[in-house]
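Here is the structure we will look at, set down as structure tokens.
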Amino acid sequence: MPNPQKPEHSVITTCAYCGVGCGFKAETVGDRIVRMTPWKEGKANHGHSCIKGRFAFDYYNHPDRVRHPAIRQSIDEPWQEVSWDVAIAHAAAELQRIQRVHGRASVGGVSSSRCTNEEIWLMQKFVRAGLGNNNIDNCARICHSPTQFGLTSTLGAGAASQHFDSVLQADVILIVGANPTEGHPVFASLMKRRLRQGAQLIVVDPRRTESVESAHVKAAVHLPLRPGTNVALLDALAHVVVREQLYDEAFIRARCYWPEFEQWMALVGSDRYDPDVIGPEVGVEPDAIRAAARLYARGPNSAIYYGLGVTEHSQGSTGVMCLGNLALACGMLGREGVGVNPLRGQGNVQGGSCLGSWPHVFSGYRFVTDPDTRNTFEAEWGLRLDDEPGLRLPNMFDAAVAGTFKGMYIMGEDPVQSDPNQQHTIAAFRQMECVIVQDIFHTETTKYAHVLLPGSSSLEKEGTFTNAERRVSRVRKVIEPLAGLADWEVTVKMMNAMGYAVHYDHPSQILDEIARLSPAYRGMSYDLIDRVGSVQWPCDAHAPEGTEVLHVTTFPRGRANFMLTQFVPTAERTTDRFPLLLTTGRILSQYNVGTQTRRTANVQWHGEDVLEICTDDAELRGVKDGDWITLSSRVGAITLRARISPRVHAGLVYTTFHWAESKANAITTELSDWATNCPEYKVTAVEVVRAAVVPARSATAAQTVGAPS
Amino acid sequence: MSGIVASGMVMDPERLVLMANQIGDFFAPYPPGPREEGIRNHLRTYWDPRMRAGLRALIAEGGVGLYPHVIAAAVLLDEPLRERKGYYGPPKPPEI
């Protein structure tokens with residue numbers, strides 16, 4: 001009998017899950033996708049894959065997919081299916097009405113890292129040219145916005161300094177607030193290869209994760225700090241570097257400002273950051289801090305990889321600066337095997353960041369307040385642009401609650417599930433007069449929407465993604481969009497309906513426009529990417545096929561900057577009522593809030609979110625493994641099953657956030673990073689008690705309405 | 001948060017004060033001058049004009065709860081239009 005699954009065609013494309021951005025061959029039979037095979041020529045993955053990219057693709061054809069546009073006058077009414085033209089005309093008319101009544105700045109938009117560079121670009125263009133303001137944000141706001149701020153402040157570029165393969169030349173790998181074996185598994189495989197060859201590993205993480213000890217991995221030093229104390233610990237590492245004169249004076253004198261270094265040295269070298277002082281404060285042995293600092297500083301090649309455990313704090317941006325400072329002080333930049341590298345969460349979150357989907361900058365992180373930059377966009381787009389920064393996503397919600405922000409166009413985001421302090425977010429949406437959601441599924445946010453525009457998955461459109469190593473790869477259409485239009489086509493229609501006339505025949509023309517207006521992308525084109533496979537920015541006349549390692553001879557601003565990184569404890573504190581600290585993270589088989597992976601067979605590996613708690617804390621509360629517990633914070637309470645785990649120490653509990661019904665963000669707070677408003681997801685004071693009532697919900701709720709993030 | 005928002009304010013005053021003081025905390029170790037410049041630049045570059053106006057309104061009413069160096073920095077926002085610069089980044093590094 002012939003194999004009914006035997007592929008007839010294959011299309012090379014890029015995985016849309018994590019920021020590794022693996023190349024895949026999507027194989028089809030007729031109009032069905034039957035297999036995803038890792039592409040051996042993919043420069044990010046070299047033929048490797050994880051169980052999400054490899055197996056979790058069936059969501060694309062799930063019965064829950066939104067296949068028709070719909071509108072309603074109020075959120076209490078049922079949805080009414082309408083044509084694309086009617087939905088778009090209605091959405092545009094509502095936005096125009098709101099602007100007439102409440103002012104130009106009363107509406108805004110959010111783009112998604114689930115979408116292509118071209119779509120993210122169009123979304124910020126829609127807001128800037130179509131709405132006439134800068135109220136545009138993207139989901140990096142709630143994950144890696146501090147990366148952009150912190151790395152730009154120190155190194156001059158808000159992106160990874162290296163390519164992934166650079167780790168194969170590292171002698172010491174410092175992982176801070178990341179768990180690559182779960183979150184970025186294909187990169188983790190590469191890292192493990194280097195560890196097997198003898199590289200030393202330092203892990204800074206409150207939990208004893210697989211990155212601390214698992215097959216092929218054993219950290220030389222694990223610093224299990226208390227959540228919320230990153231900056232204190234990193235300053236203590238710097239203290240050792242300064243006091244023991246482990247810094248690279250020649251590098252600092254050549255590449256940085258020596259007086260600035262002296263200023264920094266005076267701060268971190270002070271007694272305040274002595275490991276004997278900081279150690280007890282952060283819950284880490286002082287000698288372990290010293291050992292880690294010596295190991296990192298002596299390299300000879302030491303590389304930093306970090307994740308949301310650094311950024312999602314009230315001092316998230318400061319924590320990123322600490323990493324930049326440390327690398328500068330030890331001369332660990334500008335060559336293979338070193339660097340500072342954010343492990344980006346989503347397939348295209350780097351693209352969302354560097355292509356101007358922010359309220360304060362255009363592409364290339366150039367300020368909207370800069371008239372020269374603004375002039376180039378005004379000349380290309382043919383209209384005057386707002387010269388003031390717009391509202392950031394959390395501030396849009398604050399303004400909505402205050403009654404001054406009334407409408408949003410949301411592309412592929414689910415703020416109700418993914419943003420902190422869910423009650424506040426819902427209150428904001430209830431205040432808005434028109435919420436337009438463009439998504440592939442109904443989400444928690446569509447419950448508060450007035451216009452629903454069907455989204456297209458990354459398997460249904462042409463475009464590009466930029467991964468965590470700045471690599472721009474092609475996304476290719478494997479099947480036709482289920483609802484007839486790709487996301488970029490929808491946004492083009494929205495712009496035209498708003499009265500701003502634009503036309504593109506193909507997304508390649510959008511990348512051409514990006515290249516004309518964005519220095520780092522100046523040499524990019526579909527032709528180039530098709531010819532060489534993928535291209536890392538900056539790509540220009542000096543680097544016509546892209547750049548693997550940044551900062552080799554100079555920094556973007558010439559010299560790099562040491563920033564002063566004083567430790568300021570978070571306002572979120574444990575109390576008698578909430579004596580435990582909750583931190584959150586991901587698991588290998590599921591992806592973020594699970595919209596896609598929960599609609600695949602991957603639910604067999606992770607059917608529910610659980611609360612990890614140590615034996616002592618569980619026994620103190622009469623909680624046994626598998627018990628239902630109520631987890632409460634000062635803003636809310638949720639119910640989960642408990643799992644007794646040696647991975648968390650006393651005083652610390654941990655959960656994932658893949659299931660909508662877990663409602664993890666019903667208990668996270670309004671606190672956020674000082675510079676970017678990135679939420680402090682990683683520190684919430686909580687209490688755990690045995691649940692009085694067992695929730696009536698399925699543990700394998702693959703049909704649950706969820707959301708992308 | 002109080003949940004009480006004055007008419008025309010873009011957000012809760014207590015949240016504005018909290019956010020402004022957080023910025024003040026970061027720049028606190030910088031010497032006087034660059035410290036205020038850093039705060040001013042951050043507010044100018046990252047805050048929507050309605051948020052800045054809200055902050056200045058709070059200062060006009062006495063600035064209760066705001067750090068003195070944040071108030072001093074916010075005053076620097078009242079620059080004449082002709083002095084507006086395109087770049088408002090972190091404090092400039094000291095002369096070499």
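General remarks:
- Computed over the range A:9-61, the ratio Rg/Rh where both radii use C-alpha atoms and Rh is Kirkwood: 0.94
- Ranked by how many other beta carbons lie within 10 Å on average, peptides A:344-356, A:199-211, A:460-472 from highest: A:344-356, A:460-472, A:199-211
- Principal axis analysis of the Cα atoms in the range A:225-273 yields extents of 36, 18, 17 Å, listed in decreasing size.
- Karplus-derived HN-Hα couplings along the range A:463-470 (A = 6.51, B = -1.76, C = 1.60, θ = phi - 60°), whole Hz, x at Gly and Pro: x, 9, 10, 10, 8, 5, 9, 6
- Where only DSSP H runs of four or more residues are counted, chain A gives -8500 deg cm²/dmol as its mean residue ellipticity at 222 nm, each run worth -39500 (n - 2.57).
- Residues B:GLU61 and A:GLN80, FRET efficiency given R0 of 30 Å [Cβ-Cβ distance, rounded to 0.05]: 0.05
- Taking A:GLU380, A:GLU608 and counting other C-beta atoms within 10 Å, the order from fewest to most: A:GLU380, A:GLU608
- Whole-percent pair-distance distribution, where bins are 5 Å wide, for the alpha carbons of the range A:1-160: 2, 7, 10, 12, 15, 15, 12, 12, 9, 5, 2, 1, 0, 0
- Debye intensity ratio I(q)/I(0), log10, the range A:161-342, q values 0.08, 0.09, 0.19, 0.20 Å⁻¹ (C-alpha model): -0.21, -0.27, -1.31, -1.46
- For the range B:13-79, the fraction of C-alpha pairs more than 13 angstrom apart is 56%.
- Mean per-residue shielding of peptide A:555-563 is 2, counting Cβ atoms of other chains within 10 Å of each Cβ.
- Neighbouring partner chain Cβ atoms per residue of B:44-56, average, 10 Å criterion: 5
- Inter-chain shielding of B:24-33 (mean C-beta neighbours from other protein chains, 10 Å cut-off): 4
- By the count of other C-beta atoms within 10 Å, a proxy for reagent exposure, A:TYR60, A:TYR306 are ordered fewest to most as A:TYR60, A:TYR306.
- Packing-based order for B:69-78, A:361-370, using average beta carbon neighbours within 10 Å, highest first: A:361-370, B:69-78
- Global size of the range A:63-135: 14.1, 40 Å for Rg and Dmax (C-alpha atoms, Rg to one decimal, Dmax whole).
- Straight Cα distances below 15 angstrom link A:LYS43 to the aspartates and glutamates A:ASP165, A:GLU469, A:ASP530, A:GLU545, A:GLU548, with same-chain residues fewer than 8 positions distant left out.
- Space enclosed by the convex hull of the alpha-carbon atoms of chain A, per residue, Å³: 153
- Of the cross-linked pairs A:LYS40/A:LYS682; A:LYS406/A:LYS461; A:LYS218/A:LYS682; A:LYS52/A:LYS682; A:LYS218/A:LYS624; A:LYS52/A:LYS477, those separated by over 27 Å at the C-alpha level are A:LYS40/A:LYS682; A:LYS406/A:LYS461; A:LYS218/A:LYS624.
Just so you know, all these numbers are worked out from the coordinates, no wet-lab data involved. Worth saying up front: this structure is predicted, and the values here are computed from it rather than measured. Counting neighbours? That spans all protein chains shown, and the Cβs are built from the backbone with ideal geometry, glycine included.
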